[in-house]
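I have placed the structure first, in the form of structure tokens, so that the comments after it can refer back to it.
The values are calculated or read from the model by the stated rules, or taken from the named source; none is laboratory data. If you're wondering where the values come from, they're calculated on a predicted model, not measured in any experiment. In this analysis, Cβ positions are derived from the backbone assuming ideal geometry, glycine residues included, and neighbour counts consider all displayed protein chains.
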Amino acid sequence: MQLDPLISLAFAMHENPGVYALLLGSGVSRSAGIFTGWEVVIDLARKLAALHDEDPEGNPAAWYLGKYGEEPRYDELLRQVGKTRAERSQLLRSYFEPSDDDRAEGRKLPREAHRAIARLAAAGYVRLILTTNFDPLIEIAVQEAGVSPDLITTEDALKGMRPLPHSGCTVVKLHGDYRDARIKNTADELAKYSKAKNVFLDRVLDEFGLVVCGWSAAYDVALCQALMRSPSRRYTTYWTVYAERVDEQAKKIVEQRNAVLVYIQDADSFFSGLADRIEALDAFRRPHPLSTESAVATAKKFLEDPERNRIKLEDLVTDEVEAVRKYATSPEFPMLPREPDGLAEAWKQQLQKYEASAERLLHILATVSWYDKGENSHLFTRALERLAEAPLQAGNEALLNLRLYPALLAIYGSGIASVAAPTPRRFAHLHAILAAPAARVEDRPGPVLKEMTPQYVLNYDLTKKLYGKDLFLPPNEHLFNMLRGPLRRYLSQDTDYAHAFSTFEFIFSLVYVDTFRSAVDAGGAFVWAQAAQEAWLQVVSEVARKQQQCDLLKTGLFGGSPQRFKESLGRYQENLRSEAGRWRKFGPIPLLVEWYEQAEADRSRS
């Protein structure tokens, strides 16, 4: 089993609080609008050129070299542009301290990455932060989280620092602080560290695991040397990468330290996701994923002799369902955001906690879907009825609806595995998953399916925010991405997974409109499926050609009637036409009834 590196890191940090140090570079503060040290140098050179009434022609560093015969240095530039200490101090504040306009725009303030790191520091998971940044954002965020960090910015402070085991959190600014003109940023300054700093780094790199983020290794020669000479493999190094390419110097360090690469979108999403996962583990105290493998192996063993092990398999599924339900109804899931404007963050955190809690159950249900021949279909019905129970409760609508997320994951995970399973098991469990379950949702008895649509459970706008781009159906897209991991063992090829997902979702949609014959019956919540017409055409053609003998109707769905299936196609097609504007952005509206009639005609002629 190959775990997602982010999940491995979350487990490692959760099981070893304080053992992993962070090494942060300028990429962590990029979204806050903070200049790197070299960007400050370039801007100062540009201002100096303006004082000389000269044009640096887009290359202030080259202009400075031609003007003064030496590379631009931070300290020398400060002395030229700001003649007094007060002037220099005021000048630097403009780069690192927010103005009123900056505050209004959210610039030069702690961002999601800083706040997530602060959460980890407050919980004791991070106790040492090394940074090459000059800005104060990380220490501000840690202080706002209720922790007073030991701040080390100079050689003297390094020599007199408290022993690391005695400090709740230590922030070491390896190249200094913007408030001190002795910060390091030129090639010469970054080429060599003092003996005291090297001794400190050697100890840290030997005794701590390391999480590297936002640091390219391109210019910090002395820091690269420290990483290269460290022989320790006591704890893993995790190295975040923003793109597929790794810089040559970084590649050497990654290879020397046998580091694990973690591909990320940005520092904000990486640290927020890491903190969310660690907090979910802390709340749920979920066993290591190896126990998931053990649970899957146990389910397979029980399925080898289903008659003898029927009760044992029922107990395995029931116990896991109850564990998920117990966690999902705990105080970890408040139905109102703690902050007035914090709905999006509260919803995202609870979404991820639900996913973490349901992971092992999804693996077990997918295993039963894939291997069972129909003897244990009732397990899906019982599991979904229990997961879908949602008592009447006050709260925010988006958070209340999200309570059904574990049940929705179980429906999709089981259903996708069922339609993809080898014949003759194909479709065997769909009736138990889609038609049989009934439950009480907020004191409203009825089919589980009624409130179990992606559009009902997953708020459209909040799901769209997770991706930050235009998507056809954000809730469905998120389910597609989330379920890829649990189903990879059975659908290793991405094309096979996409086909199975689209096939199930199309069948789900048709069963929905068959169950609720009108928009009024369904509460106006018809299901939409992803626009994968190849998978749809296959389902339609198979029913039209084989009639009652097709696998789908033999499950009991649509009452086993080809005519009822055709009527559902017509209602669903009309529903798509009613939303033609949105649909046509992604392709033509499928001719579902026409497909059916053409396949039926071909069957008659043959």
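Results, tabulated for the structure shown:
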| item | result |
| --- | --- |
| Members of segment 116-147 found to be farther than 18 Å from Met161 by Cβ, within 24 Å of the chain's Cα centre (by Cα), free of Cβ contacts under 8 Å to residues at least 60 places away in the same chain and part of a helix (DSSP H, G or I), listed by number | Ala118, Ala122, Ala141 |
| Those residues of segment 33-72 which are at pLDDT 75 or above, buried (at least 19 other Cβ atoms within 10 Å of the Cβ) and assigned to a loop (DSSP other than H, G, I, E, B), in sequence order | Ile34, Phe35, Pro56, Pro72 |
| Any chance Leu408 is assigned to a helix (DSSP H, G or I) and modelled with pLDDT of 85 or more | yes |
| Residue within segment 333-345 that is at pLDDT 90 or above and hydrophobic (A, V, I, L, M, F, W, C) present | no |
